[in-house]
Amino acid sequence: MRIYREKDYDAMSRRAATIIAAQIVAKPDCVLGLATGSSPVGTYKNLVAWNKQGDISFKEVRSVNLDEYYGLSGDHDQSYRYFMQTNLFDHVDIVPENTNVPNGLAQDPAAEGERYEALVASLGYADLQLLGMGRNGHIGFNEPCGEFPLITHLVDLTESTIEANARFFASADDVPKQALSMGIGTIMKARKILVVVSGEDKADAVAKAVQGPITPEVPASILQLHPDVTIVGDEAALSGLK
Ligand code: GLP
């Protein structure tokens, strides 16, 4: 596991973007696993700027997103499809058909989980998977629980996640209670994993994930078993590491 300690959010975002840009340069038709949340917003801003300057191209890139709220359409301004369009896809030369996000309106979520898992498998899984981390150590929407979920599946969100994400909705009651998420198994099949973490409220989760026991109660702790993980954090998020 490599850890980059950056002084603040902007430096974290630049560092993470350089790692993704290097992946695109090395393999222009790579499969990028993408994440949402406030943590990767700055990373995407850098990638958009470098794409506009002509330094990197997404023309051949395929993307698979980690997760989507169950019950929200792609046009809903809090859906993860909408987030990806507005933060990245609409501003770069990626081919829209090459972008994939689970369908939050699927009538049969179990079938949608299987469809999405098969799709990610058919692309050969991610060359590079970008991850944020929840305050409770969740990755994607894999919440703390009794076992590591393997494949894309429907998740019941925890109170902690609903509370943390309520800032984006009119109230906590408006936050969807379920989501479709890649499983831990799907994420671990990525060849490389890049985690971005910022802010003091992540310090405890980061410390447990990196230095605590590997347990599904801290889903990100499984990353200790992956052979190629890079964590890029600001000083506050890494402050709990010994
Ligand atoms: C959500 C997403 C995660 C993300 C987490 C942290 O729950 N499903 O993928 O990592 O939020 O979000 P933020 O980066 O806004 O703290």
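What number of residues within region 43-56 satisfy the criterion of being open to solvent by 50 Å² or more (accessible area, probe 1.4 Å) and either under 21 Å from Arg167 (Cβ atoms) or touching a Pro at 6+ places or on another chain (Cβ under 9 Å) (or both)?
Total meeting the criteria: 1.
Sort out which residues of region 67-87 are closer than 17 Å to Glu97 by Cα and open to solvent by less than 10 Å² (accessible area, probe 1.4 Å), and write them in order of number.
Selection gives Met84 alone.
Right, Ser39: modelled with pLDDT of 95 or more, of a type in the set (Ser, Thr, Tyr) and over 23 Å from Gly233 (Cα atoms) or not? Break it down into steps so the answer makes sense when it comes.
Working: modelled with pLDDT of 95 or more: yes; of a type in the set (Ser, Thr, Tyr): yes; over 23 Å from Gly233 (Cα atoms): no.
Spelling it out, it is not the case that Ser39 is modelled with pLDDT of 95 or more, of a type in the set (Ser, Thr, Tyr) and over 23 Å from Gly233 (Cα atoms).
Could you tell me which numbered condition Trp50 fails, if it satisfies all but one of (1) touching a Leu at 6+ places or on another chain (Cβ under 7 Å); (2) part of a helix (DSSP H, G or I); (3) free of Cβ contacts under 8 Å to residues at least 40 places away in the same chain?
The one condition Trp50 does not meet is (1).
Kindly evaluate Asn103 against the criterion of being touching a helix residue (DSSP H, G or I) at 6+ places or on another chain (Cβ under 6 Å), open to solvent by 50 Å² or more (accessible area, probe 1.4 Å), closer than 20 Å to Leu72 by Cα and not β-branched (Val, Ile, Thr). Outline the logic, then answer.
Numbers: touching a helix residue (DSSP H, G or I) at 6+ places or on another chain (Cβ under 6 Å): yes; open to solvent by 50 Å² or more (accessible area, probe 1.4 Å): yes; closer than 20 Å to Leu72 by Cα: yes; not β-branched (Val, Ile, Thr): yes.
When the stated conditions are applied, Asn103 passes them.
Say whether the condition of being small (Gly, Ala, Ser), out of contact with any helix residue (DSSP H, G or I) (no Cβ under 6 Å at 6 or more places or on another chain) and within 25 Å of Tyr125 (Cβ to Cβ) is met by at least one residue in region 171-182. Write out each step before concluding.
From region 171-182, those small (Gly, Ala, Ser) are 171-172, 179, 181; that's our starting set.
Still in the list and also out of contact with any helix residue (DSSP H, G or I) (no Cβ under 6 Å at 6 or more places or on another chain): 171, 179, 181.
Those still in the list that are within 25 Å of Tyr125 (Cβ to Cβ) too: 179, 181.
Yes.
Restricting the search to region 183-210, which residues are open to solvent by 40 Å² or more (accessible area, probe 1.4 Å) and in contact with a Ser or Thr (Cβ under 9 Å, 6 or more places away or on another chain)?
From region 183-210, those open to solvent by 40 Å² or more (accessible area, probe 1.4 Å) are 188-189, 191-192, 200-201, 204, 208; that's our starting set.
Passing the criteria: Lys192, Glu200, Lys208.
The values are calculated or read from the model by the stated rules, or taken from the named source; none is laboratory data. Fair warning: this is a prediction, and the values are worked out from it, not measured in the lab. All Cβ positions, glycine included, derive from the backbone under ideal geometry; neighbour counts span all protein chains shown. Note: accessible area is taken over every heavy atom of the protein model, side chains too, but ligands, DNA and RNA are not part of it. Shrake-Rupley method; radii C 1.70, N 1.55, O 1.52, S 1.80 Å.
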